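Here's the structure, in structure tokens; my notes come after.
The values are calculated or read from the model by the stated rules, or taken from the named source; none is laboratory data. Not measured: the values here are computed from a predicted model. In this analysis, Cβ positions are derived from the backbone assuming ideal geometry, glycine residues included, and neighbour counts consider all displayed protein chains.
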Amino acid sequence: MEEKHYSELLSGLIDGELSPEEANTVNRHLSRSTSYRKEYESLLADTSKLDGLSFREPQDEALQGFWRLPFSGFARYAGMILVITGYLLFLGYGFFEFITSDDEDFVVMFAVTGMVIGMLILFLIALIERFISYKTDPYKEIER
């Protein structure tokens, strides 16, 4: 095996994800190569530093407070409007270019048209399901 392949197996050895055969092969290579052993020790030191970190999840009250801030609703809707507007403008431009361009291959035009129609179908299905679930939700009057 080459050195690069052994280097890829180091993180698996540290995490205990290697099979016994792979672990034995990597351990044998560790005992023979000083550069490989230094790389292993460096990764082991980095892993021990990362193990000391913990991720604290925000409390529900903090999240509720964030969503109630005056700018959060505006930012959320502005972001959605910008993404949807940009997507529609991009689709319109692409459609216009395909219609007016004679040098595009038919297969490319068919593929792009299929992708656009497929995305529209998926969007409409999601929108209809969302509307139906909103109409039939018995708890829609309750604030969450």
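Points to keep in mind about this one:
- Residue match in the stretch 69-86 (condition: surrounded by 10 or more Cβ atoms within 10 Å (Cβ to Cβ), hydroxyl-bearing (Ser, Thr, Tyr) and modelled with pLDDT under 80): yes
- Flag if residue 4 is modelled with pLDDT of 85 or more, over 23 Å from the mean Cα position of the chain (by Cα) and assigned to a helix (DSSP H, G or I): no
- Pair list, Cβ under 7 Å, 6 or more apart: the stretch 110-122 residue under 14 Å from residue 92 (Cβ atoms), other residue surrounded by 12 or more Cβ atoms within 10 Å (Cβ to Cβ): 112/94; 112/98; 116/91
- Per this entry, residue 32 is not counted among residues that are at pLDDT below 80 and either surrounded by 10 or more Cβ atoms within 10 Å (Cβ to Cβ) or out of contact with any Phe, Trp or Tyr (no Cβ under 7 Å at 6 or more places or on another chain) (or both).
- For the criterion of being at pLDDT 80 or above and closer than 30 Å to residue 12 by Cβ, residue 43 passes.
- Residues in the stretch 93-128 that are surrounded by fewer than 10 Cβ atoms within 10 Å (Cβ to Cβ) and assigned to a loop (DSSP other than H, G, I, E, B) were compared, and the one that is nearest to the chain's Cα centre (by Cα) is 105.
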